[in-house]
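Asker: I'd like to ask some things about the structure below.
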Amino acid sequence: MIKVRKGQAPPPMSREAFHERFMQAYQDPAFAAEHAALARLEAIAWQAYQEGRKAPSTRKAGEGFADPEYEVSIEWLETRGRLRRAQAAWADPATPSRVLLVNASPRNDGTCPGEMSKTWRMLQLAKTELDEARIACDVLDLSLLTSDYARRIHPCKGCVSTAMPLCHWPCSCYPNHALNQTGDWMNEIYERWVAAHGIILFTPTHWYQAASPLKLMMDRLVCADGGNPDPTSTHGKRPEEAKALELKGWDYPKHLAGRVYGLVVHGDVGGVEDLRRNLGDWLDWMGLVDAGPKARLDRYVGYYAPYATSHDALNDDTGVQAEVRNVARAVADAVALLRAGRLPQPDRGLIEPRPK
């Protein structure tokens, strides 16, 4: 018998607590002149919260879904459509080769640090090589999470741990209008991953781990590894239906398999080797293909030297600059081989005995 365990979630917010939370965004005295207008907006938001209007704009899923009559979020359907078009372009041999360059450092000179990151500079070195190879580059700068207005990647809610089919591809947890969990950047980021023939991650090491913008994106990419492309099969987020569907047998589709990857991991004290291995294991698990040993780089820049001179340390380390360029060259070569069907993948035809 399928059992869904309940009892962790707190009770809904009181009206007073909701008011305090709602007004946190309007503490600037300039908003005081619009007190009456804000009160009207708050009343609408309170009603949406009480009614749980997660997806207020929906339409019937239509043909091709398990339940064509089920009402699905229009925003989700639009994202799904973009992903399907991106996948078709990715598979078309006539399209230009495309590499996604991900800057995972939260630091940039448009916000509190007041200075660009070394990670960004390394990405630019790699981009120069890919430009020379006439590969289309898509630069995803995750530092915009710290410097753009209302730029957000919401955290993963862990639907997979209830049942894999409850995790939809693309993610349907957001937006949640009732909870003001909107403006989720991942709807765009999913499309950029799907469109890429190669991905290179550039990241600093923060406390032996990935920088927080990268970890947010990684967690939200869980739906690309086994995620359910049909939310009508679980009628949205019904855990009982998802558990039953998984127990019947789930094939864990790998929606990003077949792309090649490279890694540039740097730090100044410790942890770069572990982080590079962790990232490689994650990408391998999702079905991506590494571009060879020279495409997986971990290095210290300004080892135990002052932070204030770390950019100078990168200037002086011409060796690491050349190694970053080699990561890009290796990925460029691997993309060309993969698209031509000539990149060796000895384990490609093996069946995973324990998929998950």
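The values are calculated or read from the model by the stated rules, or taken from the named source; none is laboratory data. All values derive from a computational prediction rather than experimental measurement. Every residue, glycine as well, gets a Cβ built from its backbone with ideal geometry; the counts of neighbours run over all protein chains shown.
Asker: Note down all Cβ pairs under 9 Å where the first residue falls in region 33-55 and is more than 23 Å from Asp184 (Cβ to Cβ) and at pLDDT 95 or above, the second is among the β-branched types (Val, Ile, Thr) and loosely packed, with under 14 Cβ neighbours inside 10 Å, and they're at least six residues apart or on different chains.
Answerer: Partner pairs satisfying both residue conditions: none exist.
Asker: Keeping to region 130-160, report how many residues are in a loop (DSSP other than H, G, I, E, B), closer than 21 Å to Pro106 by Cβ, of a type outside the set (Gly, Ala, Ser) and touching a residue at least 24 places away in the same chain (Cβ under 8 Å).
Answerer: Matching residues across region 130-160 total 6.
Asker: Right, Arg107: at pLDDT 95 or above, part of a loop (DSSP other than H, G, I, E, B) and over 30 Å from Asp230 (Cα atoms) or not?
Answerer: yes
Asker: Under the condition of being of a type in the set (Gly, Ala, Ser) and out of contact with any Pro (no Cβ under 9 Å at 6 or more places or on another chain), which residue from region 115-146 is surrounded by the most Cβ atoms within 10 Å (Cβ to Cβ)?
Answerer: Filtering first and then ranking leaves Ala126.
Asker: If the requirement is being outside any helix (DSSP H, G or I), of a type in the set (Asp, Glu) and over 30 Å from Arg329 (Cβ atoms), which of these qualifies: Glu20, Glu63?
Answerer: Among Glu20, Glu63, only Glu63 is outside any helix (DSSP H, G or I), of a type in the set (Asp, Glu) and over 30 Å from Arg329 (Cβ atoms).
Asker: I'd like the full set of residues that are buried (at least 23 other Cβ atoms within 10 Å of the Cβ) and outside any helix (DSSP H, G or I), limited to region 212-233.
Answerer: Gly227, Asn228
Asker: Output the residue which, of all residues in region 161-183 that are free of Cβ contacts under 8 Å to residues at least 60 places away in the same chain and surrounded by fewer than 20 Cβ atoms within 10 Å (Cβ to Cβ), is farthest from Ser143 (Cα to Cα).
Answerer: If we take residues in region 161-183 being free of Cβ contacts under 8 Å to residues at least 60 places away in the same chain and surrounded by fewer than 20 Cβ atoms within 10 Å (Cβ to Cβ), then Ser161 is farthest from Ser143 (Cα to Cα).
Asker: Only residues that are surrounded by 12 or more Cβ atoms within 10 Å (Cβ to Cβ) and either touching a Leu at 6+ places or on another chain (Cβ under 8 Å) or of a type in the set (A, V, I, L, M, F, W, C) (or both): list them for region 52-77, please.
Answerer: Once the filter is applied, which keeps residues that are surrounded by 12 or more Cβ atoms within 10 Å (Cβ to Cβ) and either touching a Leu at 6+ places or on another chain (Cβ under 8 Å) or of a type in the set (A, V, I, L, M, F, W, C) (or both), region 52-77 yields Lys54, Ala55, Ala61, Phe65, Ala66, Val72, Ile74, Trp76, Leu77.
Asker: Do the conditions hold for Leu245, that is, is it among the aliphatic types (A, V, I, L, M), under 17 Å from the mean Cα position of the chain (by Cα) and not in a loop (DSSP other than H, G, I, E, B)?
Answerer: no
Asker: Return yes when Val260 is touching a Ser or Thr at 6+ places or on another chain (Cβ under 7 Å) and either among the aliphatic types (A, V, I, L, M) or on the phi > 0 side of the Ramachandran plot (or both) and no when it is not.
Answerer: No.
Asker: Test Leu83 against the criterion of being closer than 28 Å to Val260 by Cα, of a type outside the set (Gly, Ala, Ser), out of contact with any Cys (no Cβ under 8 Å at 6 or more places or on another chain) and surrounded by 14 or more Cβ atoms within 10 Å (Cβ to Cβ), and give yes or no.
Answerer: yes
Asker: Answer yes or no as to whether Glu191 is touching a Ser or Thr at 6+ places or on another chain (Cβ under 7 Å), at pLDDT 95 or above, charged (D, E, K, R) and assigned to a helix (DSSP H, G or I). Before the answer, list the steps.
Answerer: Details: touching a Ser or Thr at 6+ places or on another chain (Cβ under 7 Å): no; at pLDDT 95 or above: yes; charged (D, E, K, R): yes; assigned to a helix (DSSP H, G or I): yes.
Criteria not met by Glu191.
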